[in-house]
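Participant: Here it is, the structure, as structure tokens.
The values are calculated or read from the model by the stated rules, or taken from the named source; none is laboratory data. No experiment lies behind these values; they were computed from the predicted model shown. All Cβ positions, even for glycine, are placed from backbone atoms using ideal geometry, and neighbour counts span all protein chains on display. Side chains included, ligands, DNA and RNA excluded: accessible areas come from the protein's heavy atoms. Shrake-Rupley method; radii C 1.70, N 1.55, O 1.52, S 1.80 Å.
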Amino acid sequence: MDKISIVVPCYNEELSLPYFYDAITSTAESMKENAEFEFVFVNDGSADKTVEVLRELAKKDSRVRYISFSRNFGKEAAMYAGFKATRGNLVVVMDADLQHPPKLIPEMYEGIKKEGYDCVATRRVKRLGEPKIRSFFAMRFYSIINMLSDTNIVPGACDYRMMKRKMVDAVLEMSEVNRFSKGIFSWVGFNTKWIPFENVARVAGETKWSFKKLFAYSLDGITAFSTAPLQISSFIGILFCILAFIFGMVTFVKTLVFGEPVAGFPTLICVILLIGGIQLLMIGILGQYMSKMYVETKKRPIFVVKETEEDLNE
Ligand code: UDP
Ligand code: MG
């Protein structure tokens, strides 16, 4: 008999949770011959009644466990806390809004049990209901990060996946504070089967991702899994040295042959501005990495727990 742990990060999901619970319990019911389930909900500092809903679910169903954070720590931290709490030999992570259809779980289970994969993950193939411009930037993001990083990131890869215990333990070993799970899942390796699925609309509530947040998240992903931007400055530095040398030679010869008078003040200003700009940009890139290092060296906890289902018995 297998034990499947379902990890569900929840931030302001009071409206979706009842639907989610219905859907996931009927999936569990359909698989009861092969596996037993536990549901680990992580309340990521919701401002609504999410924790009340979770308390009620935990009271009536002993398979439901929950961890409630002291404030909002972000989905990455919620997934980490959830993984840490799981006891199953197979672990699934999925969103609470039913955008990750529970009907794929039996298929994932087959992939691991029959086909021998370590992980079965999902990939969004259609980006329906998403602004065109956002899809465009998403695709650019995947091509840039794959160009800069050795860790391969599959376009459209979702967090929604089932993993064997060994892989979950490897993910937990990566205890960095700046967490970028698309990269982390890929970095740990293991054989992954990809199931394509089509995007469905959220069942209730609304998305927590603005364009600005996604953009910042993608930059975090690049700095977390690539140091290539740090090498750009050396490359540009060498290029400019060569250019300067050639320009110097040309000027020298020109002065000897034609005896050219002093000129070219605008050119001078342009060159100074260009080089100054590039230098500031490179210092900025250095700063990005340094700020990440600064945060990591503090070794702050990834999340802080305020309440779990065990507190209900007190
Ligand atoms: N989430 C979270 N903490 C956050 C933001 C989101 O735990 O700070 C959860 C959220 O409750 C949901 C999942 O992460 O279960 C995905 O969030 P959302 O549906 O807002 O993202 P989208 O599907 O639009 O990418
Ligand atoms: Mg969603």
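Participant: Under a 1.4 angstrom probe, counting protein chains only, how are Glu310, Glu130 ranked by accessible area, largest first?
Facilitator: My answer, sorted largest first, is Glu310, Glu130.
Participant: Report, in deg cm²/dmol and to the nearest 500, the calculated mean residue ellipticity at 222 nm for the chain, where each DSSP H run with n ≥ 4 adds -39500 (n - 2.57) and the sum is divided by the residue count.
Facilitator: Mean residue ellipticity, 222 nm, calculated: -16500 deg cm²/dmol.
Participant: Under a 10 Å cutoff between Cα atoms, tell me which one of Gly284, Gly189, Gly248 has the largest fluctuation in the Gaussian network model of the chain.
Facilitator: Taking springs between Cα atoms under 10 Å, the residue moving most is Gly248.
Participant: Tilt of helix 211-225 relative to the longest C-alpha principal axis of the chain, in degrees (0 to 90, nearest 10)?
Facilitator: 80 degrees
Participant: Cα centroid distance between segment 24-98 and segment 154-186, in Å?
Facilitator: Here the two parts' Cα centres lie 17 Å apart.
Participant: So, one more: Expected output is a single nm value to one decimal: the length gained when fully extending between Asp2 and Ser291, i.e. 0.36 nm times separation in residues minus the C-alpha distance. What is it?
Facilitator: Net length gain for the segment: 99.7 nm.
Participant: Let me ask something else about it. Please list, in order, the residues from segment 16-42 whose amide nitrogen is less than 11 Å from a point placed 7 Å along the Cα→Cβ vector of Ala204.
Facilitator: 16-22, by backbone N distance to the label point.
Participant: Once label points are set 7 Å from the Cα along Cα→Cβ at both Leu268 and Thr255, what is their separation, rounded to one decimal in nm?
Facilitator: Result: 1.2 nm between the two label points.
Participant: Tell me the volume per residue, in Å³, of the convex hull enclosing the alpha carbons of the chain.
Facilitator: For the chain, the hull spanned by Cα atoms encloses 167 Å³ per residue.
Participant: Keeping every protein chain present and rolling a 1.4 Å probe, give me the accessible area per residue for the chain in Å².
Facilitator: Here the residues of the chain average 57 Å² of exposed surface.
Participant: Of all DSSP beta bridges in the chain, what percent run antiparallel (nearest 5)? Before the final figure, lay out the partial values.
Facilitator: Details: 11 of 36 bridges.
Percentage antiparallel, nearest 5: 30.
Participant: Also, quick follow-up: Tilt of helix 17-30 relative to the longest C-alpha principal axis of the chain, in degrees (0 to 90, nearest 10)?
Facilitator: Approximately 70 degrees, to the nearest ten.
Participant: Just the Cα atoms of segment 93-227, one point each, no solvent: what log10 I(q)/I(0) does Debye give at q = 0.09, 0.21, 0.22 Å⁻¹?
Facilitator: -0.28, -1.49, -1.56
Participant: Report the calculated FRET efficiency for Glu110 and Asn152 (r = Cβ-Cβ distance, R0 = 22 Å), to the nearest 0.05. Let's see the in-between values first.
Facilitator: Values: r = 25 Å, r/R0 = 1.13.
Given R0 = 22 Å and the Cβ-Cβ separation, E is 0.30.
Participant: Further question on the same structure: Which of the residue pairs Lys213/Lys298; Lys75/Lys299; Lys182/Lys299; Lys132/Lys208; Lys103/Lys306 have a Cα-Cα distance greater than 27 Å in the structure shown?
Facilitator: From Lys213/Lys298; Lys75/Lys299; Lys182/Lys299; Lys132/Lys208; Lys103/Lys306, over 27 Å: Lys103/Lys306.
Participant: Rank these by accessible area, largest first, 1.4 Å probe: Met293, Met108. Don't skip to the answer; put the middle values down first.
Facilitator: Details: Met293 120, Met108 0 Å².
From most exposed to least exposed: Met293, Met108.
Participant: In whole percent, and with a 1.4 Å probe on the protein chains, what portion of the accessible area of segment 197-309 is carbon and sulfur?
Facilitator: Exposed carbon and sulfur together represent 76 percent of the surface.
Participant: Report the calculated FRET efficiency for Lys298 and Ser135 (r = Cβ-Cβ distance, R0 = 41 Å), to the nearest 0.05.
Facilitator: 0.65
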